[in-house]
Amino acid sequence: MNLESTAETLQAWTPTEDLKLAQRERRLELFGGIAFGGFGIVLVIAVAGLIYTILTKMVLGGDQPWAGVVLINFLLFAVLSLVYVIFKEDLKERRKKARQAPPSELESPVVTGKLLEEKEFESIPTVIEDTTDLLPVRMKDEG
């Protein structure tokens, strides 16, 4: 049976699907990066606005300066904690993808003919070897 055309068809079909999937993953990662980047910018502007409001109303206004300082520190450390969690999860995802990547040494074709040494096969003698020599032999013309 000639299966070359079937093998070529399968090889031609499989990489196309992998390429489409890889393109979709890259587009999704790009979209996620843009979305999180925009969210980060809006969050930074909102925190800066809150800090400005707290600074002008509570600290400089003289109503409750210590409460304003505590609230500003709370906001800053909350944002820093959020950034830490985001970076840690991103690092965890990158490590997971790196572990799933196939080793580069398996990508090249391996020639197995060079790995095997051709030696003459020596059979190991067994217990029943040469036992048929002990059986009586009848001649054809005797019987």
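Table for the structure above
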{"quantity": "Filter result for the condition that a residue is modelled with pLDDT of 90 or more and surrounded by 11 or more Cβ atoms within 10 Å (Cβ to Cβ), over 67, 46", "calculated": "46"}
{"quantity": "Top-ranked residue in segment 79-134 [being over 19 Å from the mean Cα position of the chain (by Cα) and among the small types (Gly, Ala, Ser); ranked as modelled with the highest pLDDT]", "calculated": "81"}
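The values are calculated or read from the model by the stated rules, or taken from the named source; none is laboratory data. Here the structure is a predicted model, which means the values were calculated and not measured. Positions of Cβ are backbone-derived with ideal geometry, glycine not excepted, and every protein chain shown enters the neighbour counts.
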